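Here the structure comes first, spelled out in structure tokens, and everything after it is commentary.
The values are calculated or read from the model by the stated rules, or taken from the named source; none is laboratory data. This structure is a prediction, so every number in the text was calculated from the model and none was measured. Virtual Cβ from ideal backbone geometry, glycine too; neighbours counted across all protein chains shown.
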Amino acid sequence: MKLEPGDAAPDFALPAADGATVSLDAYRGRRVILYFYPAAMTPGCTTQACDFRDSLDSLAAAGVAVLGVSKDTPAKLAKFAEHDALTFPLLSDPELEVHNAYGVYGEKTMYGKTTLGVIRSTFVIDPDGKIEKALYNVKATGHVARLRRELGID
């Protein structure tokens, strides 16, 4: 089931790389970019995470928080954050409960083969907790720049 603009964003509480628990509800009143990626420390996921890292100042100035979610363990996420100086929350969802709630785990095509896995996706959640944008099957490269343009953030 894919989410659409106007849908309520499914709430969650997940462990972060630093050991804290992060809930979406804690961000109510702010705009949030919630993105799902297949695996920490892989080339595409590193590119995407570093693009978000490099855009954090302008996103924060526009009142936008960034949260990244993968099925990796908090320990692997901590290594990823340290290795690439990622300062936004990286959240662990190994049971795929949040992935499934957002419709980002399922069949995808890679190199001409259909497999089951994480579908790289990004959601913009408005301050009231509603889905503003639901972007499925995004490309890692250039995605953050496109998102910033669409949101009118310099």
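Please go through the stretch 76-94 and pick out each residue that is out of contact with any strand residue (DSSP E or B) (no Cβ under 7 Å at 6 or more places or on another chain) and touching a residue at least 24 places away in the same chain (Cβ under 8 Å).
Correct list: Lys76, Ala78, Lys79, His83, Asp84, Ala85, Leu86, Thr87.
Only one of Ala60, Ala65 is within 26 Å of Gly6 (Cα to Cα), surrounded by fewer than 20 Cβ atoms within 10 Å (Cβ to Cβ) and within 11 Å of the chain's Cα centre (by Cα). Can you tell me which? If you could, list the steps in order and put the result at the bottom.
Working: Ala60 fails: within 11 Å of the chain's Cα centre (by Cα).
Testing whether each residue is within 26 Å of Gly6 (Cα to Cα), surrounded by fewer than 20 Cβ atoms within 10 Å (Cβ to Cβ) and within 11 Å of the chain's Cα centre (by Cα) leaves just Ala65.
Tyr102 versus (1) touching a strand residue (DSSP E or B) at 6+ places or on another chain (Cβ under 6 Å); (2) of a type in the set (Ser, Thr, Tyr); (3) within 22 Å of Gly6 (Cβ to Cβ): which is the lone unmet condition?
(1)
Going by what's in this entry, would Glu132 be described as assigned to a strand (DSSP E or B) and touching a residue at least 60 places away in the same chain (Cβ under 8 Å)?
In short, yes.
Can you tell me which residue is surrounded by the fewest Cβ atoms within 10 Å (Cβ to Cβ) among those in the stretch 95-117 that are within 25 Å of Ala13 (Cα to Cα) and at pLDDT below 95?
Step by step, filter the stretch 95-117, then rank; the result is Leu116.
For the structure I just gave you, tell me whether Phe123 is more than 12 Å from the chain's Cα centre (by Cα), surrounded by 15 or more Cβ atoms within 10 Å (Cβ to Cβ) and on the phi < 0 side of the Ramachandran plot.
It is false that Phe123 is more than 12 Å from the chain's Cα centre (by Cα), surrounded by 15 or more Cβ atoms within 10 Å (Cβ to Cβ) and on the phi < 0 side of the Ramachandran plot.
Just wondering, is there one or more residues in the stretch 4-25 that are under 17 Å from Arg146 (Cα atoms), surrounded by 19 or more Cβ atoms within 10 Å (Cβ to Cβ) and under 13 Å from the mean Cα position of the chain (by Cα)? Spell out how you get there, then give the answer.
Looking only at the stretch 4-25, we keep the residues that are under 17 Å from Arg146 (Cα atoms), and these are none.
The answer is no, given that none of the residues of the stretch 4-25 is under 17 Å from Arg146 (Cα atoms), surrounded by 19 or more Cβ atoms within 10 Å (Cβ to Cβ) and under 13 Å from the mean Cα position of the chain (by Cα).
Output the strands (runs of 3 or more DSSP E) that fall wholly within the stretch 1-57 and possess 1 or more residues being free of Cβ contacts under 8 Å to residues at least 24 places away in the same chain and out of contact with any Phe, Trp or Tyr (no Cβ under 9 Å at 6 or more places or on another chain), or say none. Steps first, please.
Details: elements: 13-15, 21-23, 31-36.
Passing ranges, in order: 13-15, 21-23.
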